[in-house]
Amino acid sequence: MFKKVLIANRGEIACRIARTCREMGVAVATVHSTADRDALHVREVGESVEIGSAPAGDSYLRIDRIVEAALAVGADAVHPGYGFLAENPEFADAVVDASLTFIGPSAEILRRFGDKAAAKAEAVAADVPVVAGTVEPSASVDDLIESVAGMPLPLLLKAAAGGGGKGMRVVASPDSLRQNIEAAIREGRSAFGNPNLIVEQYLPEARHIEVQILGDGNGRVIHLFDRECSLQRRHQKVIEEAPVTSLPDALRQEILAHAVRLGERVGYRGLGTVEFIVKDGKAYFLEVNPRIQVEHPVTEEICGQDLVALQIRSVAEGRLPIEQADVIVGGVAVEARLYAEDPDQDFIPSTGKLESLSLPSGLRVDRGIAAGMSVTPYYDPMIAKLIAVGPDRQQAYARLSAALEESAALGVQSNLPLLRALTTSPTVLRNGVHTGSIAEIVLDLAAVPQVSTEEAALAAALWLRAHRASAPMLWTGWNGATGWRLNTGTSEANHAPSIRCASGAMGFDIRFGMLDLDDALVVAANEDTYAIRLTEIGEDLVLADLDGRTLTLIPSCDEGRAGFIRGARGVSLTVTPYLSGKLLSSGGTASGEVLAPMMGQVIAVEVVEGQAVGLGDRLGVMESMKMELVLRAPVAGTIGTVACAAGESVERDQCLFEILADQDEAAA
Amino acid sequence: MNQNVKPAATELSDADEAQLNAEAFEQLLKELRSRRAASRRGGSDAARQKHLDRGKMLVRERIDALIDPGSPFLELADLAGAELYGDRVPPGAGIVTGVGMIAGQACMIIANDATVKGGTYFGMTCRKHVRAQKFAWTNRLPCVTLVDSGGAFLPDQANIFPDEGLFGSIFHNQVGMSADGIPQIAVVLGACTAGGAYIPALCDEIVIVRGQGFMYLAGPQLVQAATGEKVDPEALGGAEMHSQVSGVTDHMAENDAHALAITRDIVAELPARPAPIRPRTSPEAPALPPGAMHGLINRDPRRPNDTREILRGILDGGDLQEFKAGYGKTLITGFARIGGYQVGVLANNGVLFTESANKATHFIQMCCQRNIPLVFFADVSGFMVGREAEVNGIAKAGAKFITAMSSATVPKYTVIIGGSYGAGYLAMCGRAFRPNAMFMWPNGRAAIMGPDQAATTLALVKRQGFESQGRDWTAEEEEAFKAPIRQEYETFASAFNFARNLWVDGVIEPDETAPVLSLLLEISASVPAGPTRFGVFRT
């Protein structure tokens, strides 16, 4: 067994691996970037080497520095976790070259499965059915277009070096084929350093089924049953469960056998996942993920096995620690991935300080970040995974749903509303899901406002209280003089807003006013006015009398944020001074400005100054978090200014384009 | 002058009296609030809409956007000029003045209301502007002037141009304050022509709005008439020209909101206000519930009020540590706190006698020694008259009182809570003695003498004349003579008349007294008071 393992990762998986290592009596150390100096994994692992600056390319993807770190801390093995370098054969080679053990398959296997085309060929050789499509990967737009000429739409573009849902695009119309191929090549190049693509028949409304395998590297492979991960958004799994309950047993056995056969054929070592797409009662090979996966806990929960321990032991000892017969399934486990992302802005990562995080006890929670820490734009914005187990699927979902109801994350936007909607969705509960289900459920979700004006008014009142409470003076403090005016007999709000509260696309102009002399306020959120009296009843507990109703709130506010938790409901709004933003530019509405939705890099500018554009037309593309964001025209008009260039790094809210709106458009 | 007290016509229980008093007071409050609302509204709906259509913010929007979230705004002289210039000019004389916090700093905000006659200056507009400056100077408040004015209202030039305290004093005060280290900031939100251009020009820092703010000594028409030069407003005095060529202005903004945002940034960089020299203790609410004072104010002004009880509705916890409680009982003196700030209270409880005046002198001297602000609650028909009083040297005692009060350099505040007449009005820190601020309750009255006394005095003179001529004067004739005099004095003495003429800084409700004084005391708490040097006391 290893004496010390360097965990070349961060977040929840680094914490997770460390936990098992300690239980096995193996020492651990980890690495971190400058952005992660006080990250949770650094705190929990207890020893960490700083390996570079915030961008992953300068830290978590630096093979040389990680190997150096492993040697420096005296590790004899490296666990790559998932993501980052986990599937990088050069990394595996470098680790071995430094006379350390790579806790994963051999570099040769990584190479083979890392290339989608080669993996497909391997599956064919192992007699595993595959989806129709191109055989040879290519980075030539014309060649790719030609090679798919006979295939019916829709098509799936896959970066040959992609994985984990990254670098995949669906093409539904022949018009957008070229554009999508170009984007996919760009994405492949920047995200994986490899522009090559393969094209496959896209199977919509299919199920995503995967098999957990474990090999000894000497040809012996067992499976730890299967998982269903059909609930995906943009090819990213959101909810995963084990075992699979949606398929007939015969098909499941067939799939399990496919996976083991493929593993045996390549002499697989350690943990791996063989992914299948299931459509119309048939399973097709998708890819192999030669590493531990995000969703491994659901398998652990139903099998009663510690997958990290199995992985480490199989690699360290060169033999399987358990036999197939030892793997027995009991119950159903469901996992929900809690992400810091903004459902109002098409789920782009929501960065900032996680002000408070309240996750229930009574079920397994694998955390990657704690309250008070920041979600940075550099890495995956996962906050935690919640894993519920039940004797059957229905009860597992009921427990997960209840846990999500009790959860709250403030400071950043999160996908909690989406997770709550999914775990109570009739489609999900009757197991009628496919890989496109989320898109349909999200549509329903969009109709529900994230924050009501009443909640915005309450949050604003709490913000004002927090903002002023520290000042002891009458003019600046929180007291009877707050908002004081000579009385006109009507409790009116001020003539102009003081602050603007926003949550995603929802904005509230907040006007305060004095109600009477005992700490009561008039708060107007947009057009609605409320009378609010706040009474502190304990540490961080405030009674809010709102037009005669009394609510108990836990405030959560700072200079730039207003929010509270009430029961299971968390409300969090950004606060900006009223005299800021677009209000300060001439032309008032100025809706022709296109601002960067988040920090990142502009990778394509598709318009020139003076060019006419229609509403929704593409202006350019920016990349952030390895995700491409298309910038579109918010109004029809003429491009007045192109304020960015391809390759330029831009800050959030930086103006990228200005469109001079068409006259009739502006009037409307 | 005698205290003129009539016995109650019928005996009512205290509760019934209070109820009737409160109902009568409600009428006064209703009038006050409706006048305030008219002042708040500004110009006509059409004028306001026109202003908004130009992309400009209304004056009160500008102020509310300029000040900090949750900041109080203590408006001064909101009723000045009411009815002086016809229906088209609402109370306020086309200008809004008051104190608000900007970027954590208390500032005097002086803002033209362009929806009222284009924001032009009437005589009262000048005086109100000057009064706001004096208040700012006394309290060392940076001045932020939001300029959006068509300049002087020419037909009123007699009240604008020639004398001290009018338009020219605005400049004089700007220069004086700037020299005294009190920042002067102007925001040019409209055209400033001729004299109007000097208001911003005499400031330390100027913000101007592109395409909206203009500054020139003569507008395009006048220039053409004078020199034949044809020039458009932008080239003559626009924001770009002044910000990039002439250097007259320092910051260029795109619109009102931008200009206000820049102004906030400017104020944020001003030196911080010094720490308070008078500490604040934990404040307490007054002892009476809101509205309770209304029942204590007699609906018949000729009947006296229980001042001691009224004070319980103003002072923290209703607590007054009385000084010389048993001596000179017609003047209550003592130490108290308002909003947590220590004050020396002088409150009338009847006509002023020699003892009351001596007590006041003693008390004021002590407060000056201890650097405690003075608050005068005036409800006084005057000093006692008659042989006995004169023999007791009331002239000497009154003079001492006035000398002490006039010499005191601690902050002084006056609230007229009832009738305040003659020398009593003056001794209780009348306007002439430059209290830091002076207010009246809506029931308040002030004049040389009361309406009855005035009518009686004049009738007495008339009767003596008739008698010397041997003519007869019937009681009916006398009453017909007295009624218009009484009416004239009533009108003159009213709080609204005093507010209209800026003889006080405003009419406030009894329940507003504590918050207004608290806010004022906090402002003056960080202003150093020089030592008091008293004039010669006649002992």
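Considering every residue in B:519-526, what mean count of other chain Cβ atoms within 10 Å of its Cβ is obtained?
2
With all pairs of different alpha carbon atoms counted, what Kirkwood hydrodynamic radius in Å does segment B:37-87 show?
12.7 Å
Sort B:79-86, B:130-137 by the packing proxy (mean of other Cβ within 10 Å over each peptide's residues), most packed first.
B:130-137, B:79-86
Return one number: the angle in degrees, 0 to 90 and rounded to the nearest 10, between the long axis of the Cα atoms of helix A:393-405 and the longest principal axis of the Cα atoms of chain A.
The angle comes out at about 40 degrees.
Once you charge only the Cβ atoms, +1 for Lys and Arg and -1 for Asp and Glu, what is the size of the charge dipole of the protein assembly as shown about its Cα centre, to the nearest 20 debye?
For this selection, approximately 3360 debye.
Translational D (Stokes-Einstein, µm²/s) of chain B at 4 °C and 1.567 mPa s when Rh comes from the Kirkwood sum over C-alpha pairs?
My calculation gives 52 µm²/s for D.
Along the three principal axes, how long is segment A:453-577 when you take its alpha carbons, biggest first, rounded to the nearest angstrom?
That works out to 39, 33, 28 Å along the principal axes.
Among B:Ala226, B:Ile199, B:Val209, whose Cα sits farthest toward the positive end of the charge dipole of segment B:199-280 (+1 at Cβ of Lys/Arg, -1 at Cβ of Asp/Glu, about the Cα centre)?
Going by the Cα projections, it comes out as B:Ile199.
Run down the lysines and flag those whose C-alpha is under 26 Å from the C-alpha of B:Lys230, throwing out any fewer than 8 positions away in its chain.
Filter leaves no residues.
Setting aside same-chain residues fewer than 8 positions from A:Lys120, which lysines have a Cα under 24 Å from its Cα?
Hits, sequence-local ones excluded: A:Lys158, A:Lys166, A:Lys237, A:Lys279, A:Lys282.
Nearest 20 debye, what's the magnitude of the dipole of segment B:45-268 about its Cα centre given +1 on Lys and Arg Cβ and -1 on Asp and Glu Cβ?
Working: 16 positive and 25 negative charges, 51 e Å.
I would put it at about 240 debye.
How much of the DSSP beta bridge set in segment B:412-539 is antiparallel, as a percent to the nearest 5? Please report the intermediate quantities before stating the final value.
On the way: 1 of 10 bridges.
The answer is about 10 percent antiparallel.
Restricting things to alpha carbons, find the Rg to Rh ratio for segment A:4-103 using the Kirkwood radius for Rh.
Rounded to two decimals, Rg over Rh is 0.92.
Would you tell me the mean number of C-beta atoms belonging to other protein chains that fall within 10 Å of each C-beta in B:251-262, as a whole number?
Other-chain Cβ atoms within 10 Å of each residue's Cβ, averaged: 4.
Could you tell me how many degrees, from 0 to 90 and to the nearest 10, lie between the Cα long axis of helix A:453-469 and the main elongation axis, the longest principal axis, of the Cα atoms of chain A?
80 degrees
Quick one: net charge of B:Glu322's neighbours, Cβ under 13 Å, K/R +1, D/E -1? Numbers along the way, then the final one.
Values: positive: B:Arg308, B:Arg312, B:Lys324, B:Lys329, B:Lys359; negative: B:Asp319.
Net charge around B:Glu322: +4.
By per-residue mean of other Cβ atoms within 10 Å, what is the highest-first order of B:344-353, B:458-467?
Result, highest mean first: B:344-353, B:458-467.
Filter B:Lys324/B:Lys359; A:Lys582/B:Lys56; A:Lys582/B:Lys50; B:Lys30/B:Lys128 down to the pairs with a C-alpha to C-alpha distance above 18 Å, please. Don't skip to the answer; put the middle values down first.
Working: B:Lys324/B:Lys359 7 Å; A:Lys582/B:Lys56 15 Å; A:Lys582/B:Lys50 23 Å; B:Lys30/B:Lys128 25 Å.
Beyond 18 Å: A:Lys582/B:Lys50; B:Lys30/B:Lys128.
Given charges of +1 on the Cβ of Lys and Arg and -1 on the Cβ of Asp and Glu, with all other atoms neutral, how large is the dipole of segment A:1-134 about its Cα centre, in debye to the nearest 20? Intermediate results must be reported in sequence, preceding the final value.
Numbers: 14 positive and 19 negative charges, 58 e Å.
It comes to approximately 280 debye.
Counting only DSSP beta bridges with both residues in the protein assembly as shown, what percent are antiparallel, rounded to the nearest 5?
Taking every DSSP beta bridge with both residues in the protein assembly as shown, the antiparallel ones total about 75 percent.
Tell me, how many Å apart are the Cα centres for segment B:93-109 and for segment A:134-149?
70 Å
What average number of partner chain Cβ atoms lie no more than 10 Å from the Cβ of the residues making up A:469-479?
Taking the mean over all residues of the peptide, I get 6.
Report the one residue of B:Ala459, B:Gly535, B:Met384 whose Cα lies farthest in the direction of the positive end of the charge dipole of chain B (charges on C-beta: Lys and Arg +1, Asp and Glu -1; origin at the Cα centre).
Working it through, the farthest residue towards the positive pole turns out to be B:Gly535.
If one puts a single equal scatterer on every Cα of the protein assembly as shown and applies the Debye formula without solvent, what log₁₀ I(q)/I(0) results at q = 0.06, 0.08, 0.10 Å⁻¹?
Calculated log10 I(q)/I(0) at the listed q: -0.67, -0.95, -1.23.
With 5 Å bins from zero, work out the P(r) of segment A:132-201 over every alpha carbon pair and list the percent per bin.
4, 20, 34, 27, 12, 3
Order these peptides, B:505-515, A:123-133, A:651-661, by their mean beta-carbon neighbour count within 10 angstrom, highest first.
B:505-515, A:651-661, A:123-133
In degrees between 0 and 90, to the nearest 10, how far off the longest principal axis of chain A does helix A:116-125 point, with axes built from Cα atoms?
For helix A:116-125, the angle is close to 40 degrees.
State the answer as a single residue: which of A:Thr476, A:Gly411, A:Leu464 lies farthest towards the positive end of the charge dipole of segment A:408-512, with beta carbon charges of +1 for Lys and Arg and -1 for Asp and Glu, about the Cα centre.
Checking the options against the dipole of segment A:408-512, the answer is A:Thr476.
Across bins of 20 angstrom width beginning at 0, how are the C-alpha pair distances of chain A distributed, in whole percent?
Computed distribution, short to long bins: 17, 48, 29, 6, 0.
Every number in this text was worked out from the coordinates using simple rules, so none of it is lab data. Being a predicted model, the structure only gives us computed values, none of them experimental. Virtual Cβ from ideal backbone geometry, glycine too; neighbours counted across all protein chains shown.
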